[in-house]
1. Would you point out the residue of region 33-57, among those that are assigned to a loop (DSSP other than H, G, I, E, B) and among the polar types (S, T, N, Q), that is surrounded by the fewest Cβ atoms within 10 Å (Cβ to Cβ)?
2. Looking only at helices (runs of 4 or more DSSP H) that lie completely in region 221-266, which have at least 1 residues being closer than 18 Å to Lys13 by Cα?
3. Here are some residues: Arg677, Arg669. Which one is on the phi > 0 side of the Ramachandran plot and in contact (Cβ under 8 Å) with a residue 40 or more places away in the chain?
4. Give the residue that is surrounded by the fewest Cβ atoms within 10 Å (Cβ to Cβ), with candidates limited to residues of region 366-383 that are polar (S, T, N, Q) and outside any loop (DSSP other than H, G, I, E, B).
5. Of everything in region 193-220, what is among the polar types (S, T, N, Q), part of a helix (DSSP H, G or I) and more than 47 Å from the chain's Cα centre (by Cα)? Give them in sequence order.
6. Which of the residues that make up region 360-389 are in contact with a strand residue (DSSP E or B) (Cβ under 6 Å, 6 or more places away or on another chain) and closer than 30 Å to Gly91 by Cβ?
7. Run Ile363 past the list (1) at pLDDT 95 or above; (2) surrounded by fewer than 16 Cβ atoms within 10 Å (Cβ to Cβ) and report the number of the one that doesn't hold.
8. Would a scan of region 592-607 turn up a residue that is in a helix (DSSP H, G or I), surrounded by fewer than 17 Cβ atoms within 10 Å (Cβ to Cβ), among the aliphatic types (A, V, I, L, M) and out of contact with any His (no Cβ under 6 Å at 6 or more places or on another chain)?
Amino acid sequence: MKIAIYGKGGIGKSTVTANLAAALAAEGRRVLQIGCDPKHDSTRLLLGGRVTTTILDFMREVPPMEQRLDRILHQGYGGVVCAEAGGPEPGIGCAGRGILSAFALFDRLGLRSDDFDVVLYDVLGDVVCGGFAVPLRQGFADVVYIVTSEEFMAVYAANNILRGVGNFEQNGPRLAGLILNSRGDGENPEPVRRFAQAVGLPIVCHLPRSDRFRRAETRHQTLVQAFPTAPETGLFRELARRALDPGPLHPARPLPEAGLEAAIFGTGSSGFVQPGRTGEPRPSRPAADDIPTTAGLPTLPPPPALRLSKSMLCREPLHGCAFAGAIGITVQIRDGITVAHGPRSCAHIASRAILASGIHSRIRRNRLLPRQLAPALISSDMNEGVVIHGGTDKLTHTLHQALALRPRAVFVVTTCPSGVIGDDPAAAIRAVTTGRTPPRLLPIATDGNLAGDYMQGVINACIEGAAALIDRSVRPEGNRVNILAEKNIANNAETNFEIVSDLLKHLGIAVNCRFVRNASVAELRRFRRAPLNLLAHEDHFGRVLRDYFREHHQAVFAAHPFPVGMTETERWLMDIARFFGKTESAAALLATHRQRYRALAQGLRPRLAGTKLMIVSYGHDIDWLLEAAFDTGMDVVRVGILNSSQDDLFRTRFTGRFSWATGYTREQRDADLLRLRPDLLLCNYIPTELPVAVRADSIPLCPDVGCYSGLALARRWVDLLKTPLREGWRDDA
């Protein structure tokens, strides 16, 4: 028989369980009692008050290869075998995870419940979370008792436990009944009786308040051992006999909260919630006089603006992990170190994604990017024990490791496990900063994907990390600009930066700070020295950064993002030139580029004119493609804009020259291909299956900037259109 005894913390369930175990042992039964409570006091009376090593402490202190079952099982009164799961220090870690780990260890070390006549699980029941619900799962407890008292909160907890039990009744009912453990001198069992009747459970044992319990505990003994002939001991012997033959078991029928007080105090009718049914009676609407008002309260300031990624804002499926997005930003800071507070695997996966872009840039563009190839990233290396007992100490140790390398800043980025158990990075930061003046240590709350998707992590790292380094006392000076919202995982980011820098250099304008790519802490501190700011991309992320800096730093921004194509480059450069009073230099430079652009387009026109072009794109700003197509005489027959995690604002200056649709679907694409029969299909990812044979080319998600971006692709289209529509080898079969 495997029995779980649940109840509110402090209700006396450990005393009840230990005495039940002693009574069963007195009947000659082989008993195993497992305490599933962080207080680890379930078996104290059976062991004569001895303090034993808990399972979780054992797992933390003993290497796996040295772990043996006999080191966590202890024999107590009457031969009862005792074990305590234990738990973390109050306020840290995850006790529920600890229960899961304890049962996993039992299984690994070969504990067999068949070796015992009765297994008792003494389980905390204030909140039946996934960990504390382990004894309810298939293969563990067959029978459940709930300990309660006449107090309202004890019955309230019992009702919640019924809800938890109901979630595990797929193979039939398991409730044997209630155990009433009276707590007061003036006993009034009537509320518990009314509750028991309402939920359809018997009160299998009523334990009166007795001084003998206290006297037995002062001897570190169970009542059964200390007073074997006492009437209370007789109650436990009767409970033991009943536990061995509980009779028909009962389904869990918890009361709705609206009916709970009525059931206990007898103030009205009380329906119950059948398992599997949804919803509860709606509370009646309060009278107008009962509705609280805000009259007389002080006026509160409006809440701060939320800086959310598009996926979070639109409640889309998460694209990536906020932890990885934040790492992608913080490792770009040259003299900073990022501490990833979580399992080593999280840091490994995030760094591999960064490394992949560095390797790609090295192979495809022959560029060495130190921040990508060797990111300054240290993991706090959380394991199961850290998750159970809390990771603040481990994080503090890792921060000391990071500080020993003498960085200018340390960023602490959190993963899912640290967020789930509620670790406080600020506490670890305080521990390492006491009595010294270290570099800036900045926590960035991502908690894996709990804070959102990859772009949400990028936003959080920019605002909570990099922007926190900015010195507000710095004032604008000289011909300088800042660059914001570059794509760190784009392998052409450095090429684009060099093109932009070269254009600005011709006007005598220098780049003050890149926010945040290949930047130093000193450059970030001097961010406000630049009088003008340039967005690399005016997508959702770029607009979030622009709004933040306008609000918090009164930053001035150029009207347009990095230019792609001839027209955008002319517009972008002239706007900047007007701001700095450099219009003559800009006009001369652009005249040279415009002449060259026209010559290149004219050379491509005879081979592309009249070609039917269809575009399907995740990018919402494709005027640079359309410009190249129209300037070379192509016929744009259809544009389909796909839903994107990066942007939600399609815009074009070519309105009326082509047909287009947003929220474009695969079905629309296939129908348009059959109807329009284009000569060339452009898309970010070339589909493997299309309804018609069509030549296709890819559109870069992050195109090269500058005057000639579109024409560079157009030269590729010329060669592509020369190839056979269907490869000959496909006919060989």
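The values are calculated or read from the model by the stated rules, or taken from the named source; none is laboratory data. Everything numeric here is computed off the predicted structure, so don't read it as measured data. Methodologically, a virtual Cβ is constructed for each residue, glycine included, from the backbone with ideal geometry; neighbour enumeration extends over all protein chains shown.
1. Thr53
2. Once the helices (runs of 4 or more DSSP H) in region 221-266 are filtered for at least 1 residues that are closer than 18 Å to Lys13 by Cα, what remains is 223-226, 231-244.
3. Arg677
4. Applying the filter and picking the extreme gives Ser379.
5. Residue satisfying the conditions is Thr218 alone.
6. Of everything in region 360-389, those that are in contact with a strand residue (DSSP E or B) (Cβ under 6 Å, 6 or more places away or on another chain) and closer than 30 Å to Gly91 by Cβ turn out to be Leu377, Ile378, Ser379, Ser380.
7. For Ile363, the failing item is (1).
8. Looking for residues that are in a helix (DSSP H, G or I), surrounded by fewer than 17 Cβ atoms within 10 Å (Cβ to Cβ), among the aliphatic types (A, V, I, L, M) and out of contact with any His (no Cβ under 6 Å at 6 or more places or on another chain), one finds at least one in region 592-607, hence yes.
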